[in-house]
Amino acid sequence: ATNMERKNVWTASDAAKKEMIFKFCEDYKKYISDCKTERECAAEAIKIAKKAGYKDLKTIIAKNGKLKAGDKVYACHMGKTLALFNIGKQPLENGMKILGAHIDSPRIDVKQNPLYEDSDMALLDTHYYGGIKKYQWVAMPLAIHGVVALKNGKTVDVVIGEDKNDPVVGVTDLLIHLAGEQMEKKGAKVVEGENLDILIGSIPEKAETKAEKDAKESVKTGMLRILKEKYGIEEEDFFSAELEVVPAGPARDYGIDRSMIMGYGHDDRVCAYTSLIAMLDVKDVDKTSVCLLVDKEEIGSVGATGMHSKFFENMVAEVLNCLGDYSEIKLRRALINSKMLSSDVSAAFDPLYPSAFEKKNAAFLGKGMVFNKFTGSRGKSGSNDCNAEFLGEIRNMLDKQKVCYQSAELGKVDVGGGGTIAYILAQYGMEVVDSGIPVLSMHAPWEIVSKADVYETMLGYKAFLIG
Ligand code: MN
Ligand code: MN
């Protein structure tokens, strides 16, 4: 059946299942409302995993370095990427079942020398992160999340703009009355990257220190005083800070039937959260199950915490070692014999922009878990393009568990494209397929998903781990 002919998850669900969909999505909404950076996502995932009996692999290595079937461990690297293992009955060299998703999202990052004053206003200079339509990020409430590393080795956590009594910040836009010239510009240039600076204050005050007399009143002085009082940070400390500017406020029910969720960072936390919960729910496994939550996907999976990092491979070696079964050849076998659902969001068909999609092969909101045999662009370039045989296996697993799913590609041929982490794990020779959840307004400050798809995809992950 083409996706248009496939059953809508809502239609296929009885009252009891609908209730479970809504209930599950309450927890998901809380997760993405509380977690707006990769660090926050990883920390909260660890909290949830610990409640489910997961232990820190580092602690186990320090203690006796022993693992056995049934043990559950996690490894976190730099607070930004996470690998969870549920040790199965079979030897690890027989391969793992891996669920992977990314926990970084497009946003606006604060620069290392950010603070300046102009016309009695204090602003933070920024450099955006990931692919964004810059004009979407102006004239809306934004929050600042992140960390500031001090010289004394301490790290200060910062969250401004989430509590309902908190102030928010934001990027201003030019009034329509004076925007004649701006409105003639191309979309990519309507708001320029260097113009995404964050307005944070406007009360001038006198410096209290040495040059108080000759220093003229400045808003920047006021900002520095507040930062010192509230967070103990000084201007120099921006040098070693990671501050991310994101949409302020919680995720909310969307649609008058409450069937959808509007939230920041569905890409790809909706796949990360559902993968995590599926992983924790499937307790006894034959093959070791793994959940990977990785950073830096939006900028090419680079760096020590991106999927290209050797972190995961190293942790598999550690786990093998703790099982008393380590050898180089067993590590290689564990990797090549693995199977993976590499999960990332899919572009949901949008009836306002039908020309960007080929309807038979587009993902539809409410039609369940999405599989992309291939991603990439211009002739599948850069794509993992998974094996037909693996898709055959997966269909069988999903049908057995009665999971609604659809097959899609990212838009019409040659209209655009995109990549995921799938091809990186495929380098070990393992079977990897792209899967995930349809999203409307992807990469916009507020993205939209269907609650039915969120729940159904979680069931799909479970089917894969059980099957
Ligand atoms: Mn993504
Ligand atoms: Mn993305």
**Study point:** Unmet criterion (only one of (1) polar (S, T, N, Q); (2) within 16 Å of ligand 2 (Cβ to nearest atom); (3) more than 30 Å from Val156 (Cβ to Cβ)) for Ser301
**Key:** (3)
Check your understanding: Do any residues in the stretch 94-107 that are away from ligand 2 (no atom under 14 Å from the Cβ) have Cβ atoms under 7 Å from those of residues that are open to solvent by 10 Å² or more (accessible area, probe 1.4 Å) and assigned to a loop (DSSP other than H, G, I, E, B), where the two are at least six apart or on different chains, and which pairs are they?
Key -> Asn94/Lys287; Asn94/Asn337; Gly95/Lys287; Gly95/Asn337; Met96/Lys287; Lys97/Lys287
Revision key, fill the gap. Scanning the stretch 442-467 residue by residue, those assigned to a helix (DSSP H, G or I), open to solvent by 10 Å² or more (accessible area, probe 1.4 Å) and over 18 Å from Phe364 (Cβ atoms) turn out to be Lys462, Leu465, Ile466
Point to revise | Selection from the stretch 410-441 of residues that are more than 16 Å from ligand 2 (Cβ to nearest atom), part of a strand (DSSP E or B) and open to solvent by 30 Å² or more (accessible area, probe 1.4 Å) | key: Glu431
Check your understanding: Is it the case that the stretch 336-353 has a residue that's over 17 Å from Gly416 (Cα atoms), open to solvent by less than 10 Å² (accessible area, probe 1.4 Å), among the polar types (S, T, N, Q) and over 18 Å from the mean Cα position of the chain (by Cα)?
Key -> yes
Exercise for review: Pick out the one residue from Lys412, Lys402 that is modelled with pLDDT under 95 and more than 22 Å from the chain's Cα centre (by Cα).
Suggested key: Lys412
Exercise for review: Would you check if there is a residue in the stretch 82-95 being small (Gly, Ala, Ser), open to solvent by 10 Å² or more (accessible area, probe 1.4 Å) and out of contact with any Ser or Thr (no Cβ under 7 Å at 6 or more places or on another chain)?
Suggested key: no
**Study point:** Options Ile61, Ile48: the member that is more than 26 Å from the chain's Cα centre (by Cα) and surrounded by 15 or more Cβ atoms within 10 Å (Cβ to Cβ)
**Key:** Ile61
Review point. Say we look at the stretch 273-298 and pick out the residues that are of a type outside the set (A, V, I, L, M) and open to solvent by less than 10 Å² (accessible area, probe 1.4 Å); which of these is nearest to ligand 2 (Cβ to nearest atom)?
Key: Asp295
Practice item. Would you check which residues across the stretch 286-302 are within 21 Å of Asp267 (Cβ to Cβ) and either touching a Pro at 6+ places or on another chain (Cβ under 9 Å) or part of a strand (DSSP E or B) (or both) and list them? Key: Cys291, Leu292, Leu293, Val294, Asp295, Glu298
Practice item. Kindly indicate whether any position in the stretch 120-133 is closer than 27 Å to Ser301 by Cβ, within 14 Å of ligand 2 (Cβ to nearest atom), among the small types (Gly, Ala, Ser) and open to solvent by 10 Å² or more (accessible area, probe 1.4 Å). Key: yes
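Residue-wise test of (1) outside any helix (DSSP H, G or I); (2) within 16 Å of ligand 1 (Cβ to nearest atom); (3) within 16 Å of Gln90 (Cβ to Cβ).
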position	(1), (2), (3)
Ile277	no, no, no
Asp284	yes, no, yes
Ala304	yes, no, no
Glu313	no, no, no
Asn321	no, no, no
Check your understanding: From Val270, Val219, which residue is open to solvent by less than 30 Å² (accessible area, probe 1.4 Å), within 30 Å of Lys29 (Cβ to Cβ) and of a type in the set (A, V, I, L, M)?
Key -> Val270
**Study point:** Qualifying positions in the stretch 332-370 - among the small types (Gly, Ala, Ser) and either in contact with a helix residue (DSSP H, G or I) (Cβ under 6 Å, 6 or more places away or on another chain) or not in a helix (DSSP H, G or I) (or both)
**Key:** Ala334, Ser338, Ser342, Ser343, Ser346, Ala347, Ala348, Ala362, Ala363, Gly366, Gly368
Check your understanding: Does Cys25 satisfy the criteria of being open to solvent by 30 Å² or more (accessible area, probe 1.4 Å) and among the hydrophobic types (A, V, I, L, M, F, W, C)?
Key -> no
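The values are calculated or read from the model by the stated rules, or taken from the named source; none is laboratory data. No experiment lies behind these values; they were computed from the predicted model shown. Neighbour counts are summed over all protein chains in view; Cβ atoms, including those assigned to glycine, are modelled from backbone coordinates with ideal geometry. Each accessible area value is taken on the protein alone, full model and side chains, heavy atoms only, with ligands, DNA and RNA left out. Shrake-Rupley method; radii C 1.70, N 1.55, O 1.52, S 1.80 Å.
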